[in-house]
Amino acid sequence: MMRKVEHIGIAVSNLEASEKIFTDVLGVAPYKREAVASEHVLTSFFKVGESKIELLQATDSTSAIARFLEKNREGIHHIAFDVEDIHAEIARLQDLGYSMIHDQPREGADGKWIAFMHPKGSGGVLVELCMDKP
Ligand code: ZN
């Protein structure tokens, strides 16, 4: 079951410059910076009420964020939904005929298990499922 929008991921080319912008816009400083080695990204998280913003900067040219920024401007990269049971959601979406980039959960930032849907099947929106690690 999907429970809420957990965060919105924003691709940035310069994390420090974007942290300054979002600190000004949101009126709060990021609560954490975290490198995710498996995804080749450095992330920075903001929290406003129940909502979170994740800034993502590529750490090398193999990163999905680097490839995104070759084709697009900086901006919204994905929408992440908090799910009760990530295995059940992956199976539910696959049963409906949607393809997943990750058919098994993997470790994401901020203490989550994550899996991305393939954006070709989800209306051009990159959807991330995420679930708190127990
Ligand atoms: Zn994310």
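The values are calculated or read from the model by the stated rules, or taken from the named source; none is laboratory data. What you are looking at is a predicted structure, and each value in this text was computed from that prediction instead of being measured. All Cβ positions, even for glycine, are placed from backbone atoms using ideal geometry, and neighbour counts span all protein chains on display. Note: accessible area is taken over every heavy atom of the protein model, side chains too, but ligands, DNA and RNA are not part of it. Shrake-Rupley method; radii C 1.70, N 1.55, O 1.52, S 1.80 Å.
Summary of values
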read-out: Search result, residues across segment 1-39 that are aliphatic (A, V, I, L, M), within 15 Å of the ligand (Cβ to nearest atom) and at pLDDT 95 or above; value: Val5, Ile8, Ile10, Ala11, Val12, Leu15, Ala35
read-out: Single residue of segment 96-133 satisfying the filter (in contact with a Leu (Cβ under 7 Å, 6 or more places away or on another chain) and not aliphatic (A, V, I, L, M)) that is farthest from the ligand (Cβ to nearest atom); value: Pro119
read-out: Residue in segment 15-28 that is of a type in the set (Lys, Arg) and in contact (Cβ under 8 Å) with a residue 40 or more places away in the chain present; value: no
read-out: Count of segment 79-95 residues which are within 16 Å of the ligand (Cβ to nearest atom) and open to solvent by 40 Å² or more (accessible area, probe 1.4 Å); value: 2
read-out: Hits in segment 1-33 (condition: open to solvent by less than 50 Å² (accessible area, probe 1.4 Å) and part of a strand (DSSP E or B)); value: Glu6, His7, Gly9, Ile10, Ala11
